[in-house]
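Heads up, the thing below is written out as structure tokens.
The values are calculated or read from the model by the stated rules, or taken from the named source; none is laboratory data. This structure is a prediction, so every number in the text was calculated from the model and none was measured. With ideal geometry, Cβ positions are generated from the backbone for all residues, glycine too; neighbour counts draw on all protein chains shown.
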Amino acid sequence: MSKLTIPVRKFDAVIVGAGGSGLRAAIQLSEAGLKTAVLSKVFPTRSHTVAAQGGVSASLGNSEEDHWHWHMYDTVKGSDWLGDQDAIEYMCRMAPEVVVELEHFGMPFDRTDEGKIYQRPFGGHMSNFGEKPVRRACAAADRTGHAMLHALYQRNVRANTQFFVEWMALDLIRDDSGQVLGVIALEMETGDVVAFHAKATVFATGGAGRIFYSSTNAFINTGDGLGMAARAGIALEDMEFWQFHPTGVAGAGVLITEGVRGEGGILRNSANERFMERYAPNAKDLASRDVVSRAMVTEINEGRGCGPNKDFVLLDITHLDPATIMKRLPGIREISIQFAGIDPIKAPIPVVPTCHYQMGGVPTNYKGQVVSQDATPIPGFYAAGEVACASVHGANRLGTNSLLDLLVFGKSSGDSVIDDLRSGAIGLKELPADYAERTLSRLNRLNTQTGGASVNETRLELQRTMQKHCGVFRFKDMLVEGVAKILDVEKAVLRTEIKDKSQVWNTARVEALELDNLIEVAKATMISAEARKESRGAHVRDDAPDTAANPNGRDDVNWHKHTLWHRESNRLDYKPVIMKPLSVESIALKTRSY
Amino acid sequence: MGDREKLNRLRWRCTRRAMLEMDLLLGEFLDRIFPTLNPEQADAFVNLADMEDLELWPLVNGSRECSDPVQAEVVALLRDVRVK
Ligand SMILES: Cc1cc2nc3c(=O)[nH]c(=O)nc-3n(C[C@H](O)[C@H](O)[C@H](O)COP(=O)(O)OP(=O)(O)OC[C@H]3O[C@@H](n4cnc5c(N)ncnc54)[C@H](O)[C@@H]3O)c2cc1C
């Protein structure tokens with residue numbers, strides 16, 4: 001087996017992922033004159049970053065007084081104190097610089113009359129340490145992510161970044177010392193498997209929201225970076241924390257904006273009852289995302305869901321004037337018709353809480369270096385964006401902080417590569433003899449499997465298991481059962497079978513390889529969630545309720561720590577939250593209330 | 001590249017897009033409607049699938065119209081797709 005060789009290409013740096021974070025890292029490296037390869041499953045400007053419409057945060061203070069320290073406070077609070085305060089300070093301090101830099105790269109931000117970047121309000125952005133809302137979000141109409149990717153891509157073209165489009169990275173290459181030496185990747189057009197041998201490897205592969213049945217994430221978000229890291233023996237951090245959006249179209253997952261409830265939309269159960277009146281008598285349907293999501297799940301769990309399987313609730317706007325719907329909620333009617341088969345002017349829209357964003361990931365420090373449990377960097381390995389856990393989002397992400405995360409940590413990971421090369425901490429080491437063995441045997445298994453499981457059915461089973469057992473509201477017994485079930489699903493994943501064995505454009509093979517990654521993320525999530533016996537941020541357990549001793553169910557004495565899941569024997573470890581910022585005083589633990 | 005390979009490439013480009021909405025619509029279209037198209041319409045669909053999501057979405061949701069008549073036929077079919 002170890003005699004099997006594959007073609008090798010050599011680079012200074014290889015970046016896996018061409019979304020906002022990968023492209024930002026690539027600019028740093030290419031402009032420093034490094035020979036840089038960027039691999040992507042799709043053309044760069046088709047990366048999922050395009051879907052981000054809301055904006056990117058920075059305390060520019062263009063519309064009213066603002067300060068990075070206030071932004072930092074909001075982020076720590078949003079994270080329910082699970083975020084690392086050194087990384088959060090770094091991100092919030094860097095925000096104005098990276099946003100202005102992006103403007104210089106050609107990003108067409110909306111502007112004020114005086115020509116400054118226009119800023120709008122966004123949930124959770126406050127001035128003066130939580131006092132009152134502040135305008136901090138910068139946007140380019142409703143196409144912020146799209147415009148950002150185009151600006152970054154153009155800059156990369158200018159800097160001669162080498163793109164490998166429709167290539168899928170399969171595995172990380174590590175030697176015995178643990179140093180990362182590149183990746184093995186598959187070219188879809190030829191079926192060729194090639195080693196990208198590099199002094200530095202940067203993961204920017206985005207999120208893994210497709211582990212859930214109901215997800216706002218595009219199909220591409222299969223957590224490949226997480227799967228590759230886990231298989232290479234790198235622990236995944238805080239994978240129990242996923243942000244859900246209350247109103248995704250049942251079945252399809254397509255997001256129905258909060259604005260629908262803002263314009264008077266009402267949530268109803270199977271008895272046509274406006275159930276939010278019971279859960280939040282004042283705010284009702286406009287209560288915070290988590291409160292609404294939990295109420296919806298409780299209705300469904302207690303048998304008051306709608307439809308033949310009683311597995312969704314209804315979002316009703318039939319009482320609104322059709323003219324208002326068309327004018328104030330453009331696009332909602334088309335989305336409902338196409339993805340729910342329902343005209344919302346005539347009938348209510350079926351909705352469920354839907355997975356939206358992954359807070360956990362590959363553990364890094366604020367320099368974008370991937371770190372082991374004792375915080376020492378793993379030589380040659382860097383990560384940024386949704387795949388990484390710096391950790392700035394902690395137990396819950398603040399809206400618009402993820403686009404910021406891409407810019408800040410994309411840039412800092414690139415800078416770290418340059419520094420580590422200069423200091424001699426990394427360099428081109430020889431590939432170990434058996435470096436391709438694990439990947440080739442995985443491919444070989446897939447090519448020769450008979451009587452195995454269907455990829456589609458196994459993926460569906462995985463997604464249904466995660467949705468049912470590890471959704472937005474979690475229950476002890478369901479989690480315990482969920483762990484057993486997901487380990488069963490893993491057995492099927494290990495014996496998936498594809499009928500098509502051809503080389504060129506074999507999408508069945510690619511989908512089977514994506515499933516190999518989804519299962520690692522699913523296991524990490526379920527097992528970490530079952531173990532964390534408190535409620536914090538987006539991880540909410542029925543058996544960890546709001547009490548005087550533990551407000552909101554948060555248990556700082558026992559659980560104020562990061563989870564680390566190891567693939568090998570599904571072992572869990574924990575590491576402390578970094579409470580010491582870089583230059584200011586620590587933001588002390590406090591109950592999170594809005 | 002043979003027909004099977006071309007179709008698989010098209011499938012990848014229809015179902016690994018930037019927006020979930022487009023994955024769902026184009027995937028469904030490819031399975032159900034694409035096999036029934038005439039050659040000109042099939043070409044027009046391939047061109048539409050090559051567009052970026054934020055160019056294609058306004059055509060599909062009716063906020064923009066296309067100028068090319070064959071493309072307009074295909075877009076009309078896309079608008080009729082119901083993802084269930
Ligand atoms: C509907 C929606 C709206 C959002 N709105 C906002 C918002 O308003 N503000 C905000 O801050 N955040 C928002 N977010 C979150 C934010 O968009 C994402 O977190 C962010 O764009 C992720 O960027 P990324 O660079 O990490 O990854 P992505 O943009 O997802 O890119 C991942 C890249 O990795 C590549 N890749 C993956 N696996 C492989 C592999 N195996 N081999 C080769 N290449 C691979 C892909 O091809 C792609 O190029 C939103 C998210 C969603 C779903």
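For this structure, a couple of remarks:
- Single match in A:Ser57, A:Ser30, A:Ser21 (criterion: away from every other protein chain (no Cβ under 14 Å) and within 6 Å of the ligand (Cβ to nearest atom)): A:Ser21
- Residue match in segment A:245-266 (condition: under 13 Å from A:Val352 (Cβ atoms) and acidic (Asp, Glu)): no
- The listed residues are A:Ala200, A:Ala229, and the only one of them that is away from every other protein chain (no Cβ under 14 Å) and either touching an Asp or Glu at 6+ places or on another chain (Cβ under 6 Å) or within 13 Å of the ligand (Cβ to nearest atom) (or both) turns out to be A:Ala229.
- Near pairs, Cβ below 6 angstrom, 6+ apart or cross-chain, from segment B:58-84 (within 14 Å of chain A (Cβ to nearest Cβ)) to any residue that is surrounded by fewer than 15 Cβ atoms within 10 Å (Cβ to Cβ) and assigned to a loop (DSSP other than H, G, I, E, B): B:Pro58/B:Arg64
- Applying the criterion of being touching a Phe, Trp or Tyr at 6+ places or on another chain (Cβ under 6 Å) and part of a loop (DSSP other than H, G, I, E, B) to the residues of segment A:87-121, the residue that is nearest to A:Leu152 (Cα to Cα) is A:Asp110.
- The condition of being within 14 Å of chain B (Cβ to nearest Cβ), out of contact with any Phe, Trp or Tyr (no Cβ under 8 Å at 6 or more places or on another chain), of a type outside the set (Val, Ile, Thr) and more than 10 Å from the ligand (Cβ to nearest atom) holds for only one of A:Ala159, A:Ala141, that being A:Ala141.
- Cβ pairs under 7 Å, 6+ apart, first in segment A:371-382 and of a type in the set (Gly, Ala, Ser), second surrounded by fewer than 21 Cβ atoms within 10 Å (Cβ to Cβ): A:Gly380/A:Gln179
- Hey, A:Thr439 within 16 Å of the ligand (Cβ to nearest atom), within 29 Å of A:Pro121 (Cβ to Cβ), surrounded by 18 or more Cβ atoms within 10 Å (Cβ to Cβ) and among the β-branched types (Val, Ile, Thr) or not: no
- The one condition in (1) polar (S, T, N, Q); (2) in contact with a helix residue (DSSP H, G or I) (Cβ under 8 Å, 6 or more places away or on another chain); (3) under 25 Å from A:Leu149 (Cβ atoms) that B:Ser63 fails to fulfil: (2)
- Yes/no for A:Ser372 being over 29 Å from A:Thr507 (Cα atoms), surrounded by 21 or more Cβ atoms within 10 Å (Cβ to Cβ) and either touching a helix residue (DSSP H, G or I) at 6+ places or on another chain (Cβ under 7 Å) or small (Gly, Ala, Ser) (or both): no
- Among residues of segment A:33-54 being hydroxyl-bearing (Ser, Thr, Tyr) and within 14 Å of chain B (Cβ to nearest Cβ), the one that is nearest to A:Tyr153 (Cα to Cα) is A:Thr45.
- Test result for A:Asp224, more than 14 Å from A:Phe312 (Cα to Cα), out of contact with any Asp or Glu (no Cβ under 6 Å at 6 or more places or on another chain) and within 13 Å of another protein chain (Cβ to nearest Cβ): yes
- Residue check, A:Phe381 in contact with a Ser or Thr (Cβ under 7 Å, 6 or more places away or on another chain), more than 15 Å from the ligand (Cβ to nearest atom) and not hydroxyl-bearing (Ser, Thr, Tyr): yes
- Within segment B:12-33, the set of residues being surrounded by fewer than 21 Cβ atoms within 10 Å (Cβ to Cβ) and away from the ligand (no atom under 16 Å from the Cβ) comprises B:Gly27, B:Glu28, B:Leu30, B:Asp31, B:Arg32, B:Ile33.
- Filter result for A:Ala37 (more than 22 Å from A:Met107 (Cα to Cα), surrounded by 23 or more Cβ atoms within 10 Å (Cβ to Cβ) and modelled with pLDDT of 95 or more): yes
- Residue satisfying all of: in segment A:175-192; part of a loop (DSSP other than H, G, I, E, B) and farther than 17 Å from A:Glu437 by Cβ; farthest from the ligand (Cβ to nearest atom) among these: A:Ser177
- The lone exception for A:Ile15 - which of (1) more than 14 Å from chain B (Cβ to nearest Cβ); (2) more than 6 Å from the ligand (Cβ to nearest atom); (3) part of a helix (DSSP H, G or I) it fails: (3)
- Scan of segment A:379-392 for residues that are crowded, with 24+ Cβ neighbours inside 10 Å and either in contact with a strand residue (DSSP E or B) (Cβ under 8 Å, 6 or more places away or on another chain) or in a strand (DSSP E or B) (or both), ordered by number: A:Gly380, A:Phe381, A:Tyr382, A:Ala383, A:Ala384, A:Glu386, A:Val387, A:Ala388, A:Cys389, A:Ala390, A:Ser391
- The lone exception for A:Phe219 - which of (1) in contact (Cβ under 8 Å) with a residue 12 or more places away in the chain; (2) surrounded by fewer than 24 Cβ atoms within 10 Å (Cβ to Cβ) it fails: (1)
- In summary, A:Ala433 fulfils each of the numbered conditions (1) in a helix (DSSP H, G or I); (2) more than 16 Å from the ligand (Cβ to nearest atom) with the single exception of condition (1).
- Candidate set from segment A:500-529 (those that are touching a residue at least 60 places away in the same chain (Cβ under 8 Å) and charged (D, E, K, R)); member that is farthest from the other protein chains (Cβ to nearest Cβ): A:Glu520
- Of all the residues in segment B:13-22, those that are within 7 Å of chain A (Cβ to nearest Cβ) and over 16 Å from A:Thr45 (Cβ atoms) number 3.
- Any hit, segment A:493-515, residues being loosely packed, with under 15 Cβ neighbours inside 10 Å, under 20 Å from A:Gln449 (Cβ atoms) and hydroxyl-bearing (Ser, Thr, Tyr): yes
- Looking only at residues in segment A:68-86 that are small (Gly, Ala, Ser) and not in a helix (DSSP H, G or I), the one that is surrounded by the fewest Cβ atoms within 10 Å (Cβ to Cβ) is A:Ser79.
- Out of A:Glu101, A:Glu89, one residue alone is surrounded by fewer than 23 Cβ atoms within 10 Å (Cβ to Cβ) and either in contact (Cβ under 8 Å) with a residue 12 or more places away in the chain or in the same structural domain as A:Cys138 (by TED's automatic domain parsing) (or both). It is A:Glu101.
- Segment A:325-341: number of residues that are in a loop (DSSP other than H, G, I, E, B) and surrounded by fewer than 18 Cβ atoms within 10 Å (Cβ to Cβ): 3
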